[in-house]
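*Asks:* The structure is given below, and queries will be raised subsequently.
The values are calculated or read from the model by the stated rules, or taken from the named source; none is laboratory data. Predicted model, so just to flag it, every value in this text is computed and none were measured. Cβ: placed from backbone, ideal geometry, glycine included. Neighbour counts: every protein chain shown. The accessibility values were calculated without ligands, DNA or RNA, using every heavy atom of the protein model including side chains. Shrake-Rupley method; radii C 1.70, N 1.55, O 1.52, S 1.80 Å.
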Amino acid sequence: EGRENTLARHARLAKATRAAVAAWGLENFCLEESGFSSAQTTVKVPAGTDADSLRKVILERFDMSPGSGLGKLKGTVFRIGHLGDINELTVAGTLCGVEMGLGLAGVPHRPGGVRAALDVWSADGGVA
């Protein structure tokens, strides 16, 4: 694949993940675009909800484990990784699990995050 293609793939997966988060009406913990990571997206959950409870639902129902908030962020955020030997299909599956988990855990959100990610990839020539 080569270094440049690998970096471009990670950036493409990250961009789509951030689009999913925005479509859900949730907030990316990093508010400054210059600080966005190609390795992971950290998602703030709405006040009154617990990110660790959401993570538990996702693990129990879909055998998938989003990252936890560390230190003072524990319970207030979860992390979606998009780095390594993954592709659009892998990330789409992850986003499906998160979107279904949000509903099952009762976390207030809008539907359509997965579709938003697919739209990003479609615009980039990746998927239809």
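*Asks:* Scanning the chain for GluC sites (Glu not before Pro) in DSSP loops with at most 13 other Cβ atoms within 10 Å, what's the longest stretch left with none? Each step should come with its number before you reach the end.
*Replies:* Details: sites that count: Glu1, Glu32.
The longest such stretch corresponds to 33-128.
*Asks:* I would also like to ask the following. Can you give me the C-alpha center-to-center distance between region 90-128 and region 20-50, rounded to a whole angstrom?
*Replies:* Here the answer is 14 Å between Cα centres.
*Asks:* Here's another thing I want to ask about it. With θ set to phi - 60°, apply the Karplus curve 6.51 cos²θ - 1.76 cosθ + 1.60 along region 15-29 and write out the HN-Hα couplings as whole Hz, x wherever there is a Gly or Pro.
*Replies:* Karplus-based 3J(HN,Hα) across region 15-29 equals 4, 5, 5, 5, 5, 4, 4, 5, 5, 5, x, 9, 10, 5, 4 Hz.
*Asks:* Can you give me the solvent accessible area of Ser68 with a 1.4 Å probe, rounded to the nearest 10 Å²?
*Replies:* Answer for Ser68: close to 30 Å² accessible.
*Asks:* Which order do the peptides 38-48, 15-25 take when ranked by the mean count of other beta-carbon atoms within 10 Å per residue, highest first? Write out the running numbers ahead of the final one.
*Replies:* Numbers: 38-48: 17.1, 15-25: 21.7.
By packing density, highest mean first, the sequence is 15-25, 38-48.
*Asks:* What dipole magnitude, in Debye to the nearest 20, does the chain give about its Cα centre under +1 on Lys/Arg Cβ and -1 on Asp/Glu Cβ?
*Replies:* In debye, rounded to 20, the chain gives about 260.
*Asks:* So if each residue of separation counts as 0.36 nm, and I subtract the Cα-Cα distance between Ala8 and Ala39, what length gain in nm does that give?
*Replies:* 10.0 nm
*Asks:* What value, in deg cm²/dmol to 500, does the helix sum -39500 (n - 2.57) over DSSP H runs of n ≥ 4 give at 222 nm once divided by the residues of the chain?
*Replies:* The helix-only estimate for the chain comes to -16000 deg cm²/dmol at 222 nm.
*Asks:* Excluding same-chain residues fewer than 8 positions from Lys72, which aspartates and glutamates have a Cα within less than 18 Å of its Cα?
*Replies:* Once the sequence-local aspartates and glutamates are set aside, what remains near Lys72 is Glu27, Asp50, Asp52.
*Asks:* Here's something else I'd like to know. Computed from the mean reciprocal separation of all distinct C-alpha pairs, what Kirkwood hydrodynamic radius does the chain have, in Å?
*Replies:* Across the chain, the inverse of the average 1/r is 14.6 Å.
*Asks:* Could you pull out the trypsin sites (Lys or Arg not before Pro) across region 67-128 that fall in loop regions by DSSP (anything but H, G, I, E, B) with no more than 12 other Cβ atoms inside 10 Å? Mind dumping the intermediate values first?
*Replies:* Working: sites: Lys72, Lys74, Arg79, Arg115; in loops: Lys74.
For trypsin sites (Lys or Arg not before Pro) across region 67-128 that sit outside H, G, I, E and B with at most 12 neighbouring Cβ atoms in 10 Å, the list reads Lys74.
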